[in-house]
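Before any comments, here is the structure.
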Amino acid sequence: MDYIAMTTGFILILIGLFGALTNRNILRMIVAFTVADTGVNLVIVGVGYMRGRTAPILDSAVAAADAVARIIDPVPQALVLTAIVIGVGVTALMLAYAYKLYEKKHTLDIAKFTELKW
Amino acid sequence: MVSRFFVLLLLTGVGAIFVSLMFGYVPDNALNLTARYYAENTVRDTGAANIVAAIVVTFRGLDTLGEVTVLFLTAAIVGLVLAGSQQGRLRREQPAPGELLVTGTRLLVPLTLLLGVYVFVNGHLTPGGGFQGGAILASAVLMLLLADPLREFSHQLISAIESISGLVFVAIGLLGMVYAGGFLDNRILPLGTLGDLISAGAIPVIYSFIGLKVGAEFSSMMVNLSETEEP
């Protein structure tokens, strides 16, 4: 299970990088970045998974006393929670800047933006 | 196609790194030191049933404050960047949104808001919490925007909710310094019994305000993006 999640995550990162590097359209690049972002999150959650254990939530099924032996690592989950939220913020900023670029040149083709090229 | 070749070369290299990482990965059989500390001490120190919520709100509460600040900055910058494009909003004829969408929105928006509030109020007991609940609240706003793209949302109300929630979050953190062990300590309120709705000290209060703040920030981003005139 953890290997499946990690393999999927790594493949998503590669797909995202490929899309971001080969696409010319800025919107497609943003989508590719969010795909790579999802892949990173999936890998981190996959690392925290442990076989035969349950979610880090204590209730009637998992008593507080034997939590150490029953739950998976909660730290990657807290980390990914943060990463998802920051990812949303980054995506919103990228979209806003893409809009501004479109307003300026009336195109989203990255090859038309040559000001910073040397 | 030289650039395509270099991209594939780069991806092969990154893929080789990933494959070697996969083969070198040994799953843990027991919790590591940090996770073990959280598993053993969460109930005693915070009284929360959801250990992830305890880590996010109490043990690493300062990080969450920083995270909420990043979101606030993002919402503010999106508003600032798009501010020049919003004068004289385009009032051209929109295609009618359709009966299904309008009726479905009317039915679903109250339920979605209720689910969002439920998710962040129960953040210390069930999977969920302020960020998830806030995102659900914002999805209700998104639904309203889809059904009527020209709907006016009160920017003052959104920013008032956001600022008040942020202020309360910091104020509770400072109260923790005065009445309990340190900044954002949740023991300023009684811990209660594990699994009750009113338990875990200040965690439900803090998470509710985080939920309102995140909902307001996501809504302000979406409203700003939607109010922008097409050039």
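Annotations
- Scanning region B:46-83 for residues that are touching a residue at least 24 places away in the same chain (Cβ under 8 Å), of a type outside the set (Val, Ile, Thr) and in a helix (DSSP H, G or I) turns up B:53, B:54, B:61, B:62, B:65, B:71, B:72, B:75, B:79, B:82.
- Qualifying residue in region B:29-37 (condition: charged (D, E, K, R), in a helix (DSSP H, G or I) and closer than 24 Å to residue A:89 by Cα): no
- The set of residues from region B:151-169 being surrounded by fewer than 15 Cβ atoms within 10 Å (Cβ to Cβ) and farther than 16 Å from residue B:106 by Cα comprises B:152, B:154, B:155, B:156, B:157, B:160, B:163, B:164, B:167.
- Only residues that are closer than 21 Å to residue B:85 by Cβ, in a helix (DSSP H, G or I) and within 11 Å of chain B (Cβ to nearest Cβ) were counted across region A:82-118, and they come to 17.
- All positions within region B:110-154 that are over 24 Å from residue A:84 (Cβ atoms) and either among the aliphatic types (A, V, I, L, M) or modelled with pLDDT of 85 or more (or both): B:110, B:147, B:150
- Condition check for residue B:173: under 24 Å from residue B:111 (Cβ atoms) and in a helix (DSSP H, G or I): no
- Which listed residue, of A:67, A:98, A:36, is farther than 23 Å from residue B:28 by Cα and either at pLDDT 90 or above or surrounded by 20 or more Cβ atoms within 10 Å (Cβ to Cβ) (or both): A:36
- Every condition in (1) out of contact with any Gly (no Cβ under 7 Å at 6 or more places or on another chain); (2) away from chain A (no Cβ under 14 Å); (3) in contact (Cβ under 8 Å) with a residue 40 or more places away in the chain; (4) assigned to a loop (DSSP other than H, G, I, E, B) is met by residue B:184 except one, and the failing one is (1).
- Looking only at region B:20-44, residues that are more than 17 Å from residue A:48 (Cα to Cα) and either under 32 Å from the mean Cα position of the chain (by Cα) or at the interface with another protein chain (Cβ under 8 Å from one of its Cβ atoms) (or both) come to 5 in all.
- Test for residue A:78: is it crowded, with 16+ Cβ neighbours inside 10 Å, touching a Lys or Arg at 6+ places or on another chain (Cβ under 8 Å) and either at pLDDT below 90 or outside any helix (DSSP H, G or I) (or both): yes
- Remark: residue B:30 falls outside the filter, which requires a residue to be touching a helix residue (DSSP H, G or I) at 6+ places or on another chain (Cβ under 9 Å) and either farther than 24 Å from residue A:5 by Cβ or buried (at least 19 other Cβ atoms within 10 Å of the Cβ) (or both).
The values are calculated or read from the model by the stated rules, or taken from the named source; none is laboratory data. The structure presented is a predicted model; accordingly, all values stated were derived computationally and were not measured. Ideal geometry is used to build each Cβ from the backbone, glycine not excepted, and the neighbour counts take in all protein chains shown.
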